[in-house]
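What follows is a set of notes on a single structure, which appears directly below.
Rule-based calculations on the coordinates, nothing more; no lab input. Predicted model, so just to flag it, every value in this text is computed and none were measured. All Cβ positions, even for glycine, are placed from backbone atoms using ideal geometry, and neighbour counts span all protein chains on display.
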Amino acid sequence: MIDFELSENVKMMRQMTHAVAEQAMRPISREYDEREHEKPWDFLNMMWEVSRGTSFGGGSERKAKDAAREGPSEKNFAMCTSVEELCWGDVGLYLSIPNSGLGGAAVAAAGTPAQKERFLARFSSGKPKWGAMAITEPSCGSDSSAIQTTAVRDGDHWLLNGTKIFCTSGLMAAEKSEGFVVVWATLDRSAGRAGIRAFVVDAGTPGMYVTKVEKKLGIRASDTATIVLEDCRVPLDNILGSPEIPKTSEGFKGAMATFDATRPIVAASAIGVARAALDFVRDTLKEHGIEVRYGVSPHKLTALERDFMEMEAQVQAARLLVWRAAWMIDNGMRNNLEASMSKAKAGLVVTQVTQKAVELLGPLGYSRQCLLEKWMRDAKISDIYEGTQQINQLIIARRILGYSSKALS
Amino acid sequence: MVNFKPTDEQELIRETMAAFARDVLRPQAHEADERCEVPENVVQRAWELGLVQSAIPEALGGYGDPRSPITGTLLLEELAYGDLALTLHLLAPRLLTIPLLLFGTEDQRKRWLPRFTGDRYAVGTAAFVEPRWDFDASSVSTRAERVEGDYVVTGRKCLVPLARQAEALLVYATAPDGLAAFIVEPGTSGLVIGEREKNMGTRALETYPVGLEGVRLPAGSRLGGEGADLEPLVNASRVATAALAVGVSRAAFEYGVAYAKERRAFGVAIAQKQAIAFMLATMATEIDAMRLLAWEAAWRLERGQPATRESCLARDYASKAALKITDDAVQVLGGHGYIRDHPVEQWLRDARGFTTFDGLAIV
């Protein structure tokens, strides 16, 4: 039955995460935007204590047969609503929260039960830890099939060689905690997609170095690292999936399926930022006695009201697409198309809504005294990482047209 | 718990409507548009689907299914996918029956609803829109004044579907205590139905200007009596507009997809070019977005919650998106899209109306 009422459980989680956002994130939001590359340790330790064992960064893919056995869950849905709240607080700080992150999502999606236990158990105890995902390279971003990093078998180890960039929480995962980095590498460059595998590289593994931490437009509280792998030796069973190179690219597709779970979450984070901007504009207008009027002829509305309503509708449209994509995984449905739709829409909406919000509030919007300008800077990444706007458009187009990646490239 | 799955019963209704739209409405849509008339066989076949009778209580001759804005939203999308003008014609009686079901007094319901439960299509309609550029659904200019226990209604309406054949018109006016609606019978003194209007789109739908020149009506003709808050009706109309916009958009989108996969340029199907493929991808995303907004607003209506904000956002979003999507569909077909041999130009003309169609349909 079509229903838009949040369950009690989701409402409760939303309340809790909102409290964190409001009380723990907002007060330090500006500070850690300005003090790029410094870590808000009080906040990180606190978040580790309250949320360890959950995965605020990674999604959980549910296979249809699991859903059939366990019945519908609300895991991904609840994650999306919680992430929206946290990112309403601060998306950069949210990204820096210690957890298994995207690396954990990859392990959860493609790992064996033994691998899940071995790599993910650590995120429930001990000191704060981070997981990270390393896909992008200096010469390839969206085209992850062009990965140059190699994995060569050497006895009972894999030898990894290559350079990874734009690795979110890469510094924390590779060097500053007992976490891990999931590194994508090719077993055989001539095999194309079919030869690409993900490898779990534990923090501190010799041969893995962080060589740079990026300076960015936004999300400055989150570290974005360059990771170099030089004859980095990882145990044989740290490979996610089969070491055989099949004739088809199923393995690669399996890895890409991780995105079906994570894209709605990234989209939810974008919604959080967009809502922060909307709320700020609404509150500011209210302080000046301006309330948006609904139901009145557009001819009688001010330009400000019309703009605001347009923004509001866009954000709600994007949010519902996110909810649907998450709901689908929770119910064991394949959501490749819908995940990309949610990400494409939310990435664009948050970018446009925050830019418009800055415009609407003029000098208030532009000033670093308010957080609005920060949100605009933070927003832009939503339209880039975890599949750019264009890549998601490509995926949507292939799905609706029934085209392979060869037919539409 | 949030859920995006219609009930089995709703799925069944949706499938029935989809089949009707595909097999009956769409094949006749072009000719109906060209000839500016609704084929009779369509009307009777649709009547037999029970679109109007279903929500009328059994005691009054209907099927007694509860009225559901969500089901209505699903139904409207499917029918509009077949053809908008035909849909508005077929559903016009609901402009009278649903308000009666929601707000009608016992007398009003008993008097009027049985007329819509017979074997033949019976016409009912509503007069809401007014012929002014700044028409405002939140404060209509038509006035209803109290005179010696009666009401005297004065104003001008337009875009009134099937006004000439209607058993009764539901005329919206601003009364001293807010928005009111009056059941007006044809032939009432001062009710002037003009010449059939000629519109850019939905050409098969007969619409009329209606003048109310001091129409004197007994208090008993006011829908729900004094003090009825009709905002839910206005919102139900907004949601209907959004749902119809989804249907028309989907029609244009699917046609665009089929054409783009067929049409070749530079050695490949044009759908294989990102410039076209991305337009189609955006259209698909926007259609889902507008549908979900419509569902959410309908869901609020169904629960009897305040829904003005959601209904307005859904309707504004959907009417803008539908225009963009149908325009893009014409663009995908290029020169062919401009030729009336293809239906996309009709969908563009039809979709342009959504910003004006307040009160032309209801969920």
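Worth a mention:
- Charge dipole (chain B, unit charges on Cβ, about Cα centre) - positive-most of B:S139, B:P186, B:A204: B:A204
- Distance between modelled label sites at A:R189 and B:R14, nm, 7 Å Cα→Cβ extension: 4.9
- Flagged links, alpha-carbon separation over 30 Å, of A:K75/A:K129; B:K273/B:K324; B:K198/B:K273: B:K198/B:K273
- Using alpha carbons only, the radius of gyration of region A:131-240 set against its Kirkwood radius gives Rg/Rh = 0.96.
- Gain on full extension, evaluated as 0.36 nm per residue between A:S409 and A:D143 minus their Cα-Cα distance, stands at 94.7 nm.
- Likely footprinting exposure, A:S297, A:S222, fewest C-beta neighbours within 10 Å first: A:S297, A:S222
- Normalised alpha carbon radius of gyration of the protein assembly as shown [divisor 2.2 N^0.38 Å]: 1.06
- For chain A, the longest principal axis of the C-alpha atoms and the axis of helix A:8-20 are separated by about 80°.
- Relative to the dominant Cα principal axis of chain A, helix A:336-360 is inclined by about 40°.
- Most mobile of A:W41, A:W375, A:W130 in a GNM of chain A (Cα contacts under 10 Å): A:W41
- Region A:19-41-region B:37-56 distance, computed between alpha-carbon centres (Å): 61
- Alpha-carbon centroids, region B:290-320 and region B:141-167: separation in whole Å: 28
- For A:K286, the lysines whose Cα comes closer than 20 Å to its Cα, not counting residues fewer than 8 places off in the same chain, are A:K300, A:K356.
- Springs between Cα atoms under 10 Å define the GNM used for chain B, and in it the highest mean-square fluctuation of B:R26, B:R340, B:R156 occurs at B:R340.
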